[in-house]
Structures are given as C-alpha cells and as structure tokens.
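I'd like to ask some things about the structure below.
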Amino acid sequence: MSDDLFSQIFEMFNQPGPVNLRLAGEVARHMTGDRQPVDPWAAEEFRELTRLAEYRVEQVAPFAVAPASDVLPVDGREWVERNIEGFGYLVEPFGQMVDVSGAGPAAEMLRPLGPALAGMQLGTLVGSLAGWAMAGYDTGLPLRGDDAISYIVPTIDSFIAEHGFDARNVRLWVALEEVAHRAIYRVPFAVDAVVTRLGSLAETMRVSPDRLTELMSGMDMTSMGEQGIDPERLASLFDSAETRDAAAELSGLLGLIAGYRRLLVERAAEGLLPELEQMIGARDLDRDLGSQLEGSPIAAAFVSADDIAAGRSFCLEVERRFGEDQLASIFVREGRFPTAAEIADPVAWAARVLLDDLD
C-alpha cells in the first residue's frame, strides 16, 4: 500500500464529529451511482400537486399543515447530496458504540472507529433509501435541515411504468403522502420521540475495539462502498434481547406514524384517486430493503409494510373505541404515543393513557 493511499484512508476515517459524514457520503454516492436526467418542467406539476395536497390534508388533519418552502424534482444522487447530513441525527447516538474505556494509550487512535461505523451505517441507509424512496418523507423518517419537499422523479417514473397507473394520479398520491408525513413530523414531540427511541436503541449497542477489529479484518479498506461489512458478522455484535426490544419500540413508533399518515391520505384523497388501494398495495410489495440493511444497527429505522399496517390498525381501533378526538390527541398532545406492545393492544394503551386524564 502506498503512503499516499494510506494517508487517504487515514484521512477518510479521521473525521471530526460523532458521525463520519465523509465516509457516509462516499458509501451513499457509490450506492446511488451516476446522476439521472430529470425534466426541469416537472417542478411546475409537482408544485401544483403539492399545494393541492397541502389543502386536502389540512382538511382532515388535527394540526396545521405549513406550506413547503420549495418543491424540487431530483434524482437519487441529488437527493443524497441534499439530505445526507439531514439524516445524520439517526446515527449520532451510535457514534459512541465503540467502547474505548479499557483501551489505554490506544484509546485516541481507536476513537474514530465509532464515528466511522456510524458513517458507514448512515451511508448504507441513505444510499439504500435513495434508490427506493419517491420523496424525502417517504422514508418514514424525520428529515432535518431542509424545508423543501424533494420528489425523486426517476423512482416515481419507474413505479408508474412498472404498474401502469395513471401518472398524474401517482404523483398526486405521492404528494399527499409527503405532505401528510411532513406535517406529522412538524409536531416537535413526534421528532423527539423518534430521537429518544433511537438513543435507547444505541444504548444497548456497545462493542469493544478488539471485537470491532475482528469484525473489520479481511475488509478491503480501499473499496468501503463496494463491500462494506459482512452483515452477518455485524449482526452478531448486536444480537441481544435488549437490542431486539429497543428496535421493536423504534419500529413500532415509526409504523404508527406511517400508519396515521396512510389514514390521513386515504381521507384526503377521497373522490380523487380511484386506484388508491391498488397503488398502496403495489408500493407495499416494493418495501423490501432487508437484503441491503441486514445486520445494520439502524435497520429498525426502515419502516416495513407490516409496521405500517399495524400502526394504521391501531389508529382505526382507537378511533372506533374511544373516538376521533382521542386518536387526534396522540398527535397533538405529548406523552401519548403507544409502546410496541400497546400497538397490538389499544385497550392497554387506553388503560394507561386515558385513565391518566382522569387524575
């Protein structure tokens, strides 16, 4: 290995902050590949559909729907470059997962391993999502630092071509989903709840430097984005009952939020999208990033079709049993999100939350 190549690798790993964003960007850009052309005139149609979606969602939501500052048609590569830092908060709690407390004099040299591991996971997650998501909040995750709505046009066009749905109807449906999810995450405590559960997950994941060194042995350090870490070896580091429980809590919350978004969209789209159920069904069949995220410490941050279905069912059952106002209260009053177990048992949620209202 030449001194120059060694210096490049050292520089890539020795980056400031809790997350190695440079490494994250390298991995994500490798996964998205080259830029794809996007018709600049698409912005006009998406802007029109977004404003319609904002109006329709506000009619059915229990909270205000603030207009997006801008509407941008992009490809996956541009979406990554605009948003990789905005998703950095997802892995910040994992930047300290490498426990160097017993490493003695080597602690400072080993300290960058945690941020590097967090950066690789961030790059893998965002790179995977860039090839699948139709828009920013379609990921199911809060997006920080960008008030614009970005539509990933090649993904939308591929979905239209594959399934044969009316193009304008698909674009309106994507706009409704994006506006609804964005509005939910503009409720500050919704984002705080996601960050808290991410932190709880990270607390269950601490690994010694020697275990991490063993994990990384045999990796080609000159092609991180191409090979990464063996997912089975990575998963073996974090397979514990505590981690599984914390991951279930995060997945449950994200599924609840996505399920409520789906409910809002179904109501906002009434009379507009006759193929809505078929479009949702086709999209749910595409929800499979398991092979790309297998073993990732933040795999629970990807919202599955099962998570969404469970969240939607919970919302409908709360509304049926306890009324529309009690359902709305979950998203307008802090401290009322269900636990993972309560999503499967709305009565248990009511026993905890609604009885507290009587005190």
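The values are calculated or read from the model by the stated rules, or taken from the named source; none is laboratory data. Worth saying up front: this structure is predicted, and the values here are computed from it rather than measured. Note that each Cβ is placed from the backbone with ideal geometry, even for glycine, and that neighbours are counted across all protein chains shown.
With respect to residue 123, is the statement that it is buried (at least 21 other Cβ atoms within 10 Å of the Cβ), out of contact with any strand residue (DSSP E or B) (no Cβ under 7 Å at 6 or more places or on another chain) and at pLDDT 85 or above true?
yes
Determine which member of the set 52, 23, 72 is under 26 Å from residue 200 (Cα atoms), of a type outside the set (Asp, Glu) and not in a loop (DSSP other than H, G, I, E, B).
Matching residue, one of 52, 23, 72: 23.
Quick grid of which residues meet (1) in contact (Cβ under 8 Å) with a residue 40 or more places away in the chain; (2) over 12 Å from residue 122 (Cβ atoms); (3) hydrophobic (A, V, I, L, M, F, W, C):
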| position | (1), (2), (3) |
| --- | --- |
| 22 | yes, no, no |
| 26 | yes, no, no |
| 38 | yes, yes, yes |
| 43 | no, yes, yes |
| 47 | no, yes, no |
| 50 | yes, yes, no |
| 56 | yes, yes, no |
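Here's something else I'd like to know. Any chance you could count how many residues in the range 59-93 are buried (at least 17 other Cβ atoms within 10 Å of the Cβ) and over 23 Å from the mean Cα position of the chain (by Cα)?
Looking only at that region, the number is 0.
Here is a further query. Determine if the range 155-173 includes at least one residue that is within 16 Å of the chain's Cα centre (by Cα), modelled with pLDDT of 85 or more, surrounded by fewer than 19 Cβ atoms within 10 Å (Cβ to Cβ) and among the hydrophobic types (A, V, I, L, M, F, W, C).
no
Pick from the range 304-344 the residues that are acidic (Asp, Glu), in contact (Cβ under 8 Å) with a residue 40 or more places away in the chain and in contact with a helix residue (DSSP H, G or I) (Cβ under 7 Å, 6 or more places away or on another chain): which of them is surrounded by the most Cβ atoms within 10 Å (Cβ to Cβ)?
Checked the range 304-344; the qualifying residue surrounded by the most Cβ atoms within 10 Å (Cβ to Cβ) is 307.
Something else now. If you take the residues of the range 35-49 that are more than 23 Å from the chain's Cα centre (by Cα) and among the charged types (D, E, K, R), which of them is modelled with the lowest pLDDT?
39
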